[in-house]
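Q: Sharing a structure, written as structure tokens. Questions coming.
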Amino acid sequence: MIWKDYHHTELPVAECYQMLALRNQVFIVEQQCLYQDIDGEDLRGDNRHLLGFRDGVLVAYARILVTEEAPQEVSIGRVIVAPAARGQGLAYLLLDKLLESCRLHFTALPVHLSAQAHLQAFYAGRGFVAEGEIYQEDGIDHITMRLKK
């Protein structure tokens, strides 16, 4: 695996295209969820993109956001493992790399995410704790989770 951790200003066009194609493949087509994936956040502020390649093919991806609306915290989102690469432990490795990037680039900021509810145990295994009730986002059950310090 080759991992690339980019500030959005460093993201090469070809890799950005692969990232958007994978997000479209999984979140829109596979999950049959019509929503606006290109939401204006990919190229803002200090937002980052973590990409995992195997044999030159993008197989894992996530983004790290620090929004203008909430500059005092980090939000992990768009966490993906390509369908052909699932079942090989890449999701755990991806999450570990994400948390490493958060510690490196956003040392003092708390980390949260909006997890698909069926993945709650997965995130809990890496130190995230559920907060609040399950809610619907784009027709899919989600729950807010925060990383324990």
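The values are calculated or read from the model by the stated rules, or taken from the named source; none is laboratory data. No experiment lies behind these values; they were computed from the predicted model shown. A quick note on method: Cβ atoms are made from the backbone with ideal geometry, for glycine too, and the neighbour counts reach across all protein chains shown. Accessible surface areas use protein heavy atoms only, side chains included; no ligands, DNA or RNA. Shrake-Rupley method; radii C 1.70, N 1.55, O 1.52, S 1.80 Å.
Q: For the modelled label position 7 Å from the Cα of residue 93 along Cα-to-Cβ, which residues of the range 24-58 have backbone nitrogen atoms closer than 13 Å?
A: Flagged as within label range: 51-58.
Q: Roll a 1.4 Å probe over the protein heavy atoms and report the accessible area of residue 61 in Å², nearest 10.
A: 0 Å²
Q: Right, another one. Using a 1.4 Å probe and ignoring any ligands, DNA or RNA, find the accessible area of residue 102 and quote it in Å² to the nearest 10.
A: Answer for residue 102: close to 10 Å² accessible.
Q: Report Rg/Rh for the range 79-133, rounded to two decimals, where Rg is the Cα radius of gyration and Rh the Kirkwood radius. Display every interim value, and only then the final one.
A: Numbers: Rg = 12.2 Å, Rh = 12.5 Å.
Reported Rg/Rh, Kirkwood definition of Rh: 0.98.
Q: What is the extension gain from residue 84 to residue 105, computed as 0.36 nm multiplied by their sequence separation minus the C-alpha to C-alpha distance, in nm to one decimal?
A: Values: separation 21, 0.36 × 21 = 7.56 nm, distance 3.04 nm.
The residue 84-residue 105 span can extend by a further 4.5 nm.
Q: So between residue 53 and residue 118, what do we pick up on full extension, going 0.36 nm a residue minus the alpha carbon distance?
A: On the way: separation 65, 0.36 × 65 = 23.40 nm, distance 2.57 nm.
The residue 53-residue 118 span can extend by a further 20.8 nm.
Q: Averaging sequence separations of C-alpha pairs under 8 Å and six or more residues apart, then dividing by the length of the chain, give the relative contact order as a whole percent. Write down the numbers at each step before the final one.
A: Values: 232 pairs, mean separation 27.0, N = 149.
Answer for the chain is 18 percent.
Q: For residue 136, project a label point 7 Å along Cα to C-beta. Then give me every residue of the range 23-37 with its amide nitrogen under 18 Å of that point.
A: Counting only backbone N, you get 31-36.
Q: How large is the charge dipole for the chain, taken about the Cα centre, if only the Cβ atoms of Lys, Arg (+1) and Asp, Glu (-1) carry charge, to the nearest 20 debye? The partial results should precede the final answer.
A: On the way: 14 positive and 20 negative charges, 121 e Å.
Approximately 580 debye in magnitude.
Q: Separate question: List the equivalent ellipsoid semi-axes of the chain in whole Å, largest first, each obtained as the square root of 5λ for an eigenvalue λ of the Cα gyration tensor.
A: Working: eigenvalues 87, 70, 53 Å².
Equivalent-ellipsoid dimensions as semi-axes: 21, 19, 16 Å.
Q: Which whole-Hz ³J(HN,Hα) couplings does the range 79-86 yield from phi under the Karplus relation 6.51 cos²θ - 1.76 cosθ + 1.60, θ = phi - 60°, glycine and proline marked x?
A: 6, 9, 10, 4, x, 6, 10, 6
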